[in-house]
Structures are given as structure tokens and as C-alpha cells.
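The values are calculated or read from the model by the stated rules, or taken from the named source; none is laboratory data. Every value quoted in this text rests on a predicted model; they were computed, and no experiment measured them. Positions of Cβ are backbone-derived with ideal geometry, glycine not excepted, and every protein chain shown enters the neighbour counts. We work out accessible area using only protein heavy atoms, side chains counted, and drop any ligands, DNA or RNA first. Shrake-Rupley method; radii C 1.70, N 1.55, O 1.52, S 1.80 Å.
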Amino acid sequence: MADTLAGGAPDAATPVPEFPMARAAGCPFDPPPTLQAQQDEGRLVKVRLWDGSTPWLVTRYEDQRALLLDPRVSADITTPGYPLQAPSNGKNNISFILMDDPEHARLRRMVTAPFAVKRMQALRPGVQKIVDDLIDDMLTAGGPVDLVQAFALPVPSLVICRLLGVPYADHDFFQENSRTLITRDAAMEDRMAAHGRLIGYLDELMGRKMTDPEDDLLSGLVARVEAGELTRQDAAQMGVLLLLAGHETTANMIALGTLALLENPDQLALLRDSDDPKLVASAVEELLRYLNIVHGGRRRAVLEDIEIAGQVLRAGEGLILPNDIANRDPEAFADPDRLDITRDARRHVAFGFGVHQCLGQPLARMELQVVYSTLYRRIPTLRLAAEVDSLPFKHDGSVYGVYELPVTW
């Protein structure tokens, strides 16, 4: 692949590699080897997308952080040159995360307070009860069980439903439509239909909360609508974003993190046998760095010419910044392909960087801390009930994980 990884703009003598790039067989936790090869080269490279466009691929940790902070880089999906992951109707259907300031900041501020660290810590006892109850159910049923369906998916789904004010009884509906939205190969018509169903569902739910408000995030958005600060459509869009992001990413981290620990028994033993909350927090950060489940790469467009890493990025060109490979940069993390829960991994970019970094990271951290400090302690003999090579990994999704994780004890 050396001839396809040369830096600079593509020409007839420089074949442009396709993106996304395939993982190596038998390496479920590692980024694609082609990404690793490009990072070793150290230069930016053009890659080809499904629509024939050739955005820049950025693999180095420091380069990604610099560009994510640069005001000459746009997160707005409607910006010329923005590298779309799939066909689009040309509209922003994912709310403020695909907007630029000042509108991004205005909308983001409306939902920042509910995710503040202190509020998340106040939720911890309730999350602990959810985790313990689900483990009780697993122990009562006996193994083997699919950890995804029995535990990894219900934990964040129950939590985000309570936070938003969404009935958990409807979880099959929103999980099914969420899966359609994050499947890369899903037809645009199917994704738009799934998005429309979720918008309609949230809109109807907010209508009920207009007459019967509760102490939840959706009721807070309804109050913004009634005050004229938000349109009802924008409020529903924000609700869809929070519902989708609030369960899909954490569910995959729970399952994939468990698999990674089972495959690294020394690290699992260290975590299981410790009651030190600092080690638990460190383990969460290291697993976020090591696994980094959002693998489609953050997408941006260049607004003005930028010189970086020996290249000039021109206005109107696209950028892809895969955080999985940035978190394996040896210049940022020593021995990056080794899982080490004692390392200080807090500088990872699993949640992004700059003004668009993940709003819900305090919630995700708290949930993962509760899960990783409880599951392996309460089921100390937890083990896989299938060969790793037989597990169905989510190679078709923009959020990586496993569809099923059979475990027993």
C-alpha cells in the first residue's frame, strides 16, 4: 500500500485509497492497518469516498486537535466540500452538532446544564440500582446470556429514557430506528423514514408534556419552545440526537469494553479486585482511548486555506479525522496498542476536542464507571461463551461494537 499512501493531492500516478478502510481479520479492537500505515508515514493523504470526492485524511493526534480547534474549519454539513458519510437530502437532520457557532453555541447551551458533572453524580445511585437490578436478573436466569441484550443495551437506554422523560416501554421502537440511522449502507430513503418516525414520536411526546410537564429534559425543551427560544421542530431534532447518542454509544462501550477486558485478563483482574475509584476512572478513560467506538471519523470542511503538516488545505476541501487512530498515536500515548488501565489516558479524543466535543461525556463516564466497577465484581467468573472469531462485529455501522456477546460464569 505504500504507493497509495503518498501525501498530497491525487494524480494519475498516485492511486487514492478508499475510505472507510477495512479492519484486519482477528483484530477486533485495532484500527484498520491502512490507517496505521498512514499514521506511520506522518503525512496527510487524500482518500476517496462513496461519491467520488477526495477529502483529506488526518491521522496524527496533534494535527486532529489543531484542526478541531481551528475556526477556519466547519462542522456544518451544508458547507461546500463537507465529506458526507452517505447520500443526504442536503439538510441538517442531526441538530446542533452539525452546525457552527454562533447557532451551535446557542442551541448547545439549552441542553448543557442537564449534563453537568454535578448533576450526573447525583444520578449515580439511580444508575447503580439499574445496573444491580439487571445483574440480579442475569444471575437469576443463569448463563449463558447475550450481554448486549441482557445488560449493555438496557443500562444506557433506561438511563437516557429517565433523563429525557421517554417511556422505556418504547425502547424497541427507538432502538430499531436508531440502528437504521447509524447503518452506513442503509438507503437514504430508509434513513429518512427512520428519522421521520423518531421526529414524529418525540414531537407527539412533547405535545403531551406541554399540558403535563415533568422534571425531565424534554419538558425543559418544551418550556424553551413555549418561550419562543426554540421551534418545535428544533426541539424534536435535539430530542432525537440525545436519545440516539445517549444509548447507542454507551451500550457499545459496555459490551466491547467487557470483551477487551476478558481478552486482557491481567487488566480485568486489576480492575475487578480494586475498590479504588481513581483506578476505575482511569480504566474508563483507557478503554475509551483503546476502543474508541466511533470509527467513521469526524467530518469537517475547510473554510479558508490552512497550512498544516506540510500540506495546504484549500477552502472547499473536506477533512476526515478518525479518532480511533489518533488515540493510537505513539507520540501521544506510549505503547498505544497495549491496554493499560493504569495509564493516564485523559487526553484522548474519543469525545472529540474543542467546541464540538461530546455534550454527554459526563453521563457516559459516570455510567461506565458504575458498570465497570460492578459487573466484574459481582460476577467474578464472567467469561465468553463463544470464540472471539465467531462474534458478529458491527463493521457496517458508524458506531462500532458487537451485535451479540454471549457470556457465562
Would you check which residues across the range 39-93 are at pLDDT 90 or above, of a type in the set (S, T, N, Q) and more than 15 Å from Pro322 (Cα to Cα) and list them?
Ser53, Thr54, Ser74, Thr78, Thr79
Considering only the range 224-318, give the helices (runs of 4 or more DSSP H) lying wholly within it that have at least 3 residues that are in contact with a Ser or Thr (Cβ under 8 Å, 6 or more places away or on another chain).
232-262, 277-291
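Being in a loop (DSSP other than H, G, I, E, B) and open to solvent by 70 Å² or more (accessible area, probe 1.4 Å) is the filter; apply it to the range 94-147 and report the residue that is modelled with the highest pLDDT.
Pro144
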Out of the residues in the range 156-195 that are touching a Ser or Thr at 6+ places or on another chain (Cβ under 7 Å) and in a loop (DSSP other than H, G, I, E, B), state the one that is farthest from Thr250 (Cα to Cα).
Ala186
Restricting to the range 339-383, and then to whatever is touching a Ser or Thr at 6+ places or on another chain (Cβ under 8 Å) and among the acidic types (Asp, Glu), can you tell me which residue is surrounded by the most Cβ atoms within 10 Å (Cβ to Cβ)?
Glu367
Pairs, first hydroxyl-bearing (Ser, Thr, Tyr) in the range 281-307, second open to solvent by 10 Å² or more (accessible area, probe 1.4 Å), C-beta under 8 Å, six or more apart:
Ser282/Thr342; Ser282/Arg343; Ser282/Asp344; Tyr290/Phe29
Ser274 passes all but one of the listed conditions (1) modelled with pLDDT of 90 or more; (2) open to solvent by less than 30 Å² (accessible area, probe 1.4 Å); (3) not hydrophobic (A, V, I, L, M, F, W, C); the exception is number (2)
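Output the residues belonging to the range 206-218 that are open to solvent by 10 Å² or more (accessible area, probe 1.4 Å) and either over 22 Å from Val159 (Cβ atoms) or assigned to a helix (DSSP H, G or I) (or both). Lay out the reasoning, then the answer.
Keep residues of the range 206-218 that are open to solvent by 10 Å² or more (accessible area, probe 1.4 Å), which gives 207-208, 210-217.
Gly207, Arg208, Met210, Thr211, Asp212, Leu217, listed by residue number.
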Quickly run through the range 148-173 and pick out the residues that are within 21 Å of Leu359 (Cα to Cα) and surrounded by fewer than 19 Cβ atoms within 10 Å (Cβ to Cβ).
Arg162
